[in-house]
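S.K.: Have a look at this one.
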Amino acid sequence: MDWIVYDATISGWEKEHRGGIDPRAWFRKSSRPYTGVALRLWPRLGKEAAFTSVNVDRLPPHLAKRCSKLDRNAAIPEWEKRDSFPILLATSSGRPSNELADPYEMRDEFFGLSCDLDQLTDFARKWGRWDSNNLAISQSERIGVLDKKETPCIFPHWIQHEQAKFRNALCAAQEQQKQWLSHPERTILIVQRSQKPYFFVTADSLTTLESCRGAIAATITLDHLSRSQFRTCSRDKCKRPFKLESEHDRKYCTRRCAHAEAQRAYRESAKPEKARKDRRAR
Ligand SMILES: [Zn+2]
């Protein structure tokens, strides 16, 4: 499954409701708030612009906040249109493959993602769609009912939010673990096989698409059930959760992080010493 990075800018309020009804009239009748914004999408590599619309709450928080303050009947001011943010769109429909994948390996890579878009794109190419969300993409600015295409999407600003959420869930204290287990995000089904892996987890029948997000949630459920304890790496730049395997009190996920932190501490402690020496030399 391949993905392309698009830069999204707000081009106005959503003109038509998905069903092709005039949303102003429709929302007036149902007294529901009118929250959609139209987006113009420019591919980072390529020329063809695409169009879509999303709810305001799906925008990056700073844009969502500004848009929620704007008058819905007025045009979007020019300065709102300049602020772009990235969206990843899949180039295919994203049917799940039958190949079995190791969700723990995927989870590890997920927690290691930084804000780097290339890294996120590589992750998506390797592991597939993040969740079951689609965007209705159109080649024309006036999105009609017929010409829109449901396309798997990833909002990079959500990924950071989800990283923090899943990190907290995995490293939760026992009381919060109970909360996670008693409010599952979705039912998991364990399927048995005659060869390794003897058990694997599949989504329930209501969920039509598998996703990385669902797989991570399932691993956290299984980790809590097996009473595994996790801790967040104390290195600020890393924060990767790691499993506590023994009584030995570890602070860092790997030796690499422990070493990097020791070096940083050494440099910090050497700083005033060096400054003193420099002053004396002058
Ligand atoms: Zn670390």
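S.K.: When only residues in the range 244-271 that are among the basic types (Lys, Arg) and exposed (fewer than 14 other Cβ atoms within 10 Å of the Cβ) count, which is nearest to the ligand (Cβ to nearest atom)?
M.R.: Residue satisfying both the conditions and the ranking: Arg256.
S.K.: Please determine, by comparing only the residues of the range 215-239 that are in a loop (DSSP other than H, G, I, E, B) and among the polar types (S, T, N, Q), which one is nearest to the ligand (Cβ to nearest atom).
M.R.: Ser234
S.K.: Evaluate the range 240-250: report whether one residue or more is assigned to a loop (DSSP other than H, G, I, E, B), in contact with a helix residue (DSSP H, G or I) (Cβ under 6 Å, 6 or more places away or on another chain) and under 30 Å from Phe199 (Cα atoms).
M.R.: yes
S.K.: Checking Asn168 against (1) closer than 22 Å to Leu117 by Cβ; (2) modelled with pLDDT of 90 or more, only one condition comes out false. Which one?
M.R.: It fails just one condition, (1).
S.K.: Contact list please: Cβ distance under 8 Å, first residue in the range 227-252 and farther than 18 Å from Ala169 by Cα, second residue surrounded by 10 or more Cβ atoms within 10 Å (Cβ to Cβ) and hydroxyl-bearing (Ser, Thr, Tyr), pairs at least six apart or on different chains.
M.R.: Partner pairs satisfying both residue conditions: Arg235/Tyr252; Lys251/Ser234; Tyr252/Ser234.
S.K.: Being surrounded by 18 or more Cβ atoms within 10 Å (Cβ to Cβ) and at negative phi is the filter here, so list the residues in the range 112-132 that pass it.
M.R.: Leu120, Thr121, Phe123, Ala124, Trp127, Arg129, Trp130
S.K.: Also, quick follow-up: Of the residues that sit in the range 231-264 and are of a type in the set (Gly, Ala, Ser) and modelled with pLDDT of 90 or more, which one is nearest to Phe166 (Cα to Cα)?
M.R.: Among those that are of a type in the set (Gly, Ala, Ser) and modelled with pLDDT of 90 or more, it is Ser234.
S.K.: Is it the case, given these coordinates, that Ser205 is more than 16 Å from the ligand (Cβ to nearest atom), at pLDDT below 90 and in contact with a Ser or Thr (Cβ under 6 Å, 6 or more places away or on another chain)?
M.R.: No; evaluated as a whole, the condition is false for this residue.
S.K.: Follow-up. Consider Phe27 against the criteria (1) modelled with pLDDT under 75; (2) surrounded by fewer than 12 Cβ atoms within 10 Å (Cβ to Cβ); (3) of a type outside the set (Ser, Thr, Tyr): it satisfies all of them except one. Which criterion is unmet?
M.R.: With respect to (1) modelled with pLDDT under 75; (2) surrounded by fewer than 12 Cβ atoms within 10 Å (Cβ to Cβ); (3) of a type outside the set (Ser, Thr, Tyr), Phe27 is out only on (2).
The values are calculated or read from the model by the stated rules, or taken from the named source; none is laboratory data. Everything numeric in this text was worked out from a predicted model, so none of it was measured. For neighbour counting, all protein chains shown are included, and Cβ atoms are generated from backbone atoms with ideal geometry for every residue, glycine included.
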